[in-house]
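Contents: one structure, followed by commentary.
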Amino acid sequence: MSNVIVYAEIDDGLINDISLQAIAVARGLAADQGGQVVCLAAGSGIAETAAGLFSYGADAVHTVEDAALEGYVAKSYAAAISDWIASQDAPLVLFPASTLGGDLAAAVATRLGAPCALDCDSIESEGGTTKVKRDEFDRKVMTCFEAASGSPLIVSLRDGIAEVPVADESRSGAVESIAVELDDSVKAAKVLARNVAKKTVNLKDARIIVAGGAGIGTAENFALVKELADKLGAEIGATRAVVDAGWVPADHQIGQTGATVRPEVYIGIGISGAVQHRVGMCDAEKIIAINTDANAPIFHVAHYKIVGDFKDVVPKLIEMIG
Amino acid sequence: MSSIEADPRSLDTAARAELIAAAIRQRGEYNLLLVGTTIPDGDNGMLGTQLAATLGIDSVNWVDELEEIAGGGVKAKRAIEMGYETVELPFPALLSVGVALLEDDPRAPRNAKAMLKLKKKKEPIATATAAELGIDDPNANCSPKLAGFEPVEQRVVESKEIDAEDGDALQAMLNEVLKGE
């Protein structure tokens, strides 16, 4: 019997979505092997949130809690969970491929001397061999890795690996606390400040998204993006540069450190389309791109290319929609 | 400046981290290590994190800004989903520097090796082999094994160029996209 361990990332009292998707993946893998899905979470004051993992499909939930784990630091978190993972003798440990989840996966793998594959887009297990694949090189090649069973294979899974399971409130259980003594050497590093936007928009379910990039130029110009979005009943998207400039809050961000979206219509305005943004939007059904630079990479994925100044084009579109 | 001689083709990230860690230990004391998040097999900061874990030092991944170096440590701002965190680390520390800020930035990442060559044209580069670093076979523990590559079916985008000045073409595009006409 082989259990599958899922590291569940809990931030600000919420279990992150990719961790929930990983539980769905783990359910499939564990069922094949006659094992259980064992969830692990680390932090400070997380027991109540962690109990919710049962409803998403966990068979057992273990937590490591310590005041020193209030904010995520690779060394302290890896020290907190590695020994317990090693003691479980599980062939597979799944992490969410979030910025911090993937980082922890790599740190734990080194501590355990375990094989590690990050950012995987698919995973299957057969006869003692686990095969993982990931999209690479601007989604042109799928790289495949195989690991024989032995030491635990550490894998981080990308957003979209599975649907988030529907919570089944009839499933419940007792959270087991793991006692870990963290020594002072791992407590020296600290998260001093955290500045994370609250999620107020639902980009993932939006039918139409109008997104703006750095090419918009100023916060005042960004009003045109908002006006077009209003006319279309669309949500507003943005690149990281726009969020950093403060023109829109961070929950509007699409791309590598933002949301991955698949709307029916995506209109990109003043967005050059660097790969970090493209990975978040290139699966939209219809893509319209407006940019002054005819060579902007966003045009490689656009169904409609408009080479021109958005200050001329967008008002025309607004007028046509009426 | 120094470099390590090893056939990179079959090395995985853990093996690379071990080689670099051995070279760093050989050089002696240090305060700060800087690594890029983009490595040969992905943009995930794995090399930095595994290097720090191998050396047993603190690390921060996805660093966008070095806020302060003072008091025997460093303060770094890291990009995370929907925001930022500021992390304080004691020396010795490792920072993996990300390109998140470049996602809509026309400045392309520069070729660090070429820049160094230009700046340090005359300085000799010391080279160490894996054996000199005390590692017999850097490939010995590489896992998971690369099993191959599969082409990803490329999405064929039928792209239409719409003349920005042509009102009828813009209207036709809107009708197609919004009403499926």
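None of the figures in this text is laboratory data; all of them are computed from the coordinates on show. Quick caveat: nothing in here was measured; it's all calculated off a predicted structure. Quick reminder, even Gly has a Cβ in these numbers, built from the backbone with ideal geometry, and neighbours come from all protein chains shown.
Quick check: Cα centre of region B:146-160 to Cα centre of region A:72-124, how many Å?
Centre-to-centre (Cα) distance: 29 Å.
What's the local net charge at A:Val175, with K and R +1, D and E -1, over the other residues with C-beta under 14 Å away?
My count for the surroundings of A:Val175 gives -3.
By how many degrees, 0 to 90 and rounded to 10, does the Cα axis of helix A:99-112 deviate from the longest principal axis of chain A?
The two axes meet at around 30 degrees.
Cα centroids of region A:18-34 and region A:214-237: how far apart, whole angstrom?
40
I need the calculated FRET efficiency for the pair B:Lys179 and B:Ala147, taking r as the beta carbon distance and R₀ as 45 Å, to the nearest 0.05.
Efficiency, rounded to the nearest 0.05: 0.45.
Over 22 Å, how big is the tail of the calculated P(r) for region A:1-127, in percent of all Cα pairs?
Beyond 22 Å sits 27 percent of the P(r) for region A:1-127.
Exposed loop GluC sites (Glu not before Pro) only (DSSP loop, at most 15 other Cβ atoms within 10 Å): please give the longest stretch of chain A free of them, not including the sites.
For GluC sites (Glu not before Pro) (loop position, at most 15 other Cβ atoms within 10 Å), the longest site-free span of chain A is A:71-162.
Ratio of chain A's C-alpha Rg to 2.2 N^0.38 Å, to two decimals?
This ratio for chain A stands at 1.10.
For helix A:17-32, what angle does its Cα long axis make with the longest principal axis of chain A, in degrees from 0 to 90 and rounded to 10?
Taking the Cα atoms of chain A, the angle to A:17-32 is about 50 degrees.
Could you state the angle between the C-alpha long axis of helix A:74-88 and the longest principal axis of the C-alpha atoms of chain A, as a value from 0 to 90 degrees rounded to the nearest 10?
Relative to chain A, helix A:74-88 is tipped by roughly 50 degrees.
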